[in-house]
Every structure is written in C-alpha cells, then in structure tokens.
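Report on the following structure.
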Amino acid sequence: MKNITETLLFAFAFLVVSTYASTGIADPTVVLVTIDPAQPLPLSTLTFTAMLSINETIDDIRLIVQECKEDLCFVHDFNLSMEKLTNDIYQGRCTLIEEEATQIKYHLKIVCNETWYNSNITLLPLAADTKKNTSQDSYDPISTPDFEVTLIILSIVSLLFFNHWRRKSSQKP
C-alpha cells in the first residue's frame, strides 16, 4: 500500500512540475499592437508598439511591414528591429515610401530561446489623403482660358462678313 501511495504521489508531483515547466516556457504571445497614427496616410511615419505575454527573455523581435495596393504588395518590405521599452512592451518605427499604397500588412517575428515565432499577419487600410485631389474631372474654371467664346465670336463675325461680301458681289452689274 505504501508503494502505491508513493507512486501516486510521485506521479502527481511529476504532473505538477511538468505543467509548471510547460507554462514557464510558453510560446510568446502578442497581446496587443497599437499603431500611431491610428489611421495612417501613405508616406507617413508609423510607430508600432507591441505588448507581449511571455515568461522567458526575448532575444530579438522584428517588425515586418509590407505596403500594398489592393491585393498586390510592393516588392520591398521593412524588417525592423524593435526597441524594448519595458519587460513586455516593444516599439518600432517605419516611414512608408509608396504613394500609391492603399493598405499595409504587418506581423512580428520573435526570437525566444533560439526559436523563431511568427505572429498573425494583420491588414490595415491606409486613409485617403483628403487634401490631395487626384480627380481629373475637377478643375478650376477661373484659371481655364475661354478660347471657345473667342473662336465662336470670330466665326460669327467671319460668317456675317462673308455673307455681306457675297451679297455685294452678286449685286454688281
């Protein structure tokens, strides 16, 4: 009976220790990523702040950012090292370079205990620049020359002069 109790106690202790060890060496989890400004424009500078949940020390954390236009991403991407602010908060900056970009994709690559972990890819639409007017239909009518009116008046005067000249020439004996 004593052997069974010792075996059960040993199994229980092993289970507790293995459970504690597995939670102590858990995969890093990205709790929250904030972006400043919250609604970025193309060509703007973005500040990414990431909060992680992990009990181990992180060797490196990389921010991967891609600029995209609809479903097509541009060739280049940003691979930035993030700076540690506190034990679980990291920050990185990048300046967007594509004027035609309509959205960005980003994710984190975390190195912990010589193992790489990737976070989920997040898609963020870029805000449209309301100050920039790219429409071809809008124009400033004040700055547009009125050549049409001048040509119409010149055509009417020429037509009247030609008619008058033709009548005068047909009346001559």
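Taking N133, is it modelled with pLDDT under 90, in a loop (DSSP other than H, G, I, E, B) and not basic (K, R)? Walk me through it before giving the result.
On the way: modelled with pLDDT under 90: yes; in a loop (DSSP other than H, G, I, E, B): yes; not basic (K, R): yes.
Answer is yes for this residue.
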When every residue in the stretch 46-102 that is within 11 Å of the chain's Cα centre (by Cα) and among the polar types (S, T, N, Q) is compared, the one surrounded by the fewest Cβ atoms within 10 Å (Cβ to Cβ) is T95
Contact list, first residue from the stretch 27-44 and more than 18 Å from I110 (Cβ to Cβ), second anywhere and of a type in the set (D, E) and at pLDDT 90 or above, beta-carbon distance below 7 Å, six or more apart or interchain, is P42/E98; P42/E99; L43/E99
Checked pairs for the stretch 90-105, first touching a residue at least 60 places away in the same chain (Cβ under 8 Å) and aliphatic (A, V, I, L, M), second surrounded by 15 or more Cβ atoms within 10 Å (Cβ to Cβ) and part of a loop (DSSP other than H, G, I, E, B), C-beta under 9 Å and 6 or more apart or across chains, list as I104/P40; I104/L96; I104/L126
With criteria (1) of a type outside the set (D, E, K, R); (2) modelled with pLDDT of 90 or more; (3) not in a strand (DSSP E or B), A38 comes up short on (2)
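Looking at the stretch 74-118 only, could you name the residues that are assigned to a loop (DSSP other than H, G, I, E, B) and over 14 Å from T49 (Cα atoms)?
Going residue by residue through the stretch 74-118, those that are assigned to a loop (DSSP other than H, G, I, E, B) are 82, 85-88, 96-102, 113-114.
Hits for the stretch 74-118 are L96, I97, E98, E99, E100, A101, T102, N113, E114.
The values are calculated or read from the model by the stated rules, or taken from the named source; none is laboratory data. Just so it is clear, the structure is predicted and the values come from calculations on it, not from any experiment. Ideal geometry is used to build each Cβ from the backbone, glycine not excepted, and the neighbour counts take in all protein chains shown.
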